[in-house]
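What follows is a short report on a single structure.
The values are calculated or read from the model by the stated rules, or taken from the named source; none is laboratory data. If you're wondering where the values come from, they're calculated on a predicted model, not measured in any experiment. Here the Cβ is made from the backbone with ideal geometry for all residues, glycine too, and neighbour counts use every protein chain on show.
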């Protein structure tokens, strides 16, 4: 850690920032070389190329910083990085255009700017890949110091031990006085120094308050020192929300929702932007998928010898708990629920036809739901819509289950990406934790991340049943 403008900053991320500053200057020079084969003509060259280069590099660096790209990696993954980088370059391009309009003396030609931005974008991706390989993937994990060593701290330890590709690592656990210790001695940090000194010494990003009994006295003064020195201080629920991208139901209490600083609110811009994304991308997908849908329909007719319908229509619960008619390609036998009982699909379900198995693995059976999206009954991204029979049962048995209907259901969703296909109430509860995260943070930015990651799910057949 180094101290910069009164804040503690990761030395590695500071080095990365300097390297990218140099990269952007080099990309500008490369853009000039490609556009003109050397120096630009005098009539379009900026008055002082060094000032132009400095402005170009600083604006792009600040744009990356505004999108959190100099913070250690979170749950977004590669898709989140690409979305953030794309938005950052969009912001940077708009700012550069404004600055060049206001100050013509530092302006560069549009061709130079386009090539420079392209080289900067590609260079940033390559630099970050190389930087992570040299510094190690662990260097991009958020470093967490846990205050507590009891039951709640043990929950963090279990996640850290069994989690796959986590965005954090625990540097140690600081036991609270007169509290039980369930963490091994090798992981404990003896509180011989202040909490702030421990945080600085271990290059910490976050401090998690994980005491088992909040009524016992916490070192409030030391926590304030850490908070005011630039370290993030989180309670257990907020920690899991941030690092696991899920809202843990067994820790959730109404006051946390009431006093939450952000989330559970989508402005007018977000609502209209999300609908515009649904209409634009939904129409494009429908146009591209039309030949595939025709082939699927023909294959279904051949499989059933024309004795069964191609499409399957089913009542599902949508936004606000209102029912709507969902469209799918038929993937099960016509007599799949001959007894009238609603059943979850399960692994190796005998009711699924051979063609249906292929469609579910490739998600082709979901394509007719694009019509639901265009009609406004669904969104491209959101919690998966469930049948009324399941919703009634799950709402009774699982707290906060009805809150997933605050947003439109979707073709794909956060829970579909991060949790395998659910076939019972316990799976529904675990998936709800991811759905609640989406409900809290719903918006175009998260939608783009989910859509990018869904491409991987579709191509590799993850989670399908």
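Quick check, is residue 294 at pLDDT 90 or above, in a helix (DSSP H, G or I) and under 25 Å from residue 453 (Cβ atoms)? For residue 294, the condition - at pLDDT 90 or above, in a helix (DSSP H, G or I) and under 25 Å from residue 453 (Cβ atoms) - is not met. The set of residues from the stretch 193-245 being in contact with a helix residue (DSSP H, G or I) (Cβ under 6 Å, 6 or more places away or on another chain), farther than 16 Å from residue 169 by Cβ and in a helix (DSSP H, G or I) comprises 195, 196, 222, 225, 226, 236, 237. Looking at 184, 211, 221, 150 in this structure, which one is within 16 Å of residue 238 (Cα to Cα) and outside the structural domain of residue 71 (by TED's automatic domain parsing)? The unique qualifying residue is 211.
Scanning the stretch 109-120 for residues that are crowded, with 18+ Cβ neighbours inside 10 Å and either assigned to a helix (DSSP H, G or I) or in contact with a helix residue (DSSP H, G or I) (Cβ under 6 Å, 6 or more places away or on another chain) (or both) yields a count of 7. Of all the numbered requirements in (1) surrounded by fewer than 19 Cβ atoms within 10 Å (Cβ to Cβ); (2) within 26 Å of residue 131 (Cα to Cα); (3) modelled with pLDDT under 85, residue 18 misses one, and that requirement is (3). Every listed requirement among (1) in a loop (DSSP other than H, G, I, E, B); (2) buried (at least 18 other Cβ atoms within 10 Å of the Cβ) is met by residue 399 save one, (2).
Got at least one residue in the stretch 306-317 being surrounded by 16 or more Cβ atoms within 10 Å (Cβ to Cβ), in contact with a helix residue (DSSP H, G or I) (Cβ under 6 Å, 6 or more places away or on another chain), at pLDDT 90 or above and part of a loop (DSSP other than H, G, I, E, B)? Yes - at least one qualifying residue is present in the stretch 306-317. In the condition set (1) over 30 Å from residue 368 (Cα atoms); (2) part of a helix (DSSP H, G or I), residue 288 is compliant with all but (1). Residue-level check: of (1) at pLDDT 90 or above; (2) in a helix (DSSP H, G or I); (3) closer than 30 Å to residue 244 by Cβ, residue 370 misses just (3). Look at (1) over 20 Å from the mean Cα position of the chain (by Cα); (2) buried (at least 22 other Cβ atoms within 10 Å of the Cβ); (3) without any contact (Cβ under 8 Å) to a residue 60 or more places away in the chain and you find that residue 385 fails only one, number (3). Here residue 256 fulfils each of the conditions (1) more than 19 Å from the chain's Cα centre (by Cα); (2) loosely packed, with under 11 Cβ neighbours inside 10 Å; (3) within 17 Å of residue 437 (Cα to Cα) apart from (2). Considering (1) surrounded by fewer than 19 Cβ atoms within 10 Å (Cβ to Cβ); (2) touching a helix residue (DSSP H, G or I) at 6+ places or on another chain (Cβ under 6 Å), the lone condition that residue 133 does not fulfil carries the number (2). Tell me whether the stretch 153-169 contains one or more residues that are assigned by TED's automatic domain parsing to the domain that holds residue 18 and either assigned to a loop (DSSP other than H, G, I, E, B) or at pLDDT below 85 (or both). The answer is no; no qualifying residue exists.
Counting residues in the stretch 423-438 that are over 22 Å from residue 243 (Cα atoms) and not in a helix (DSSP H, G or I) gives one or more.
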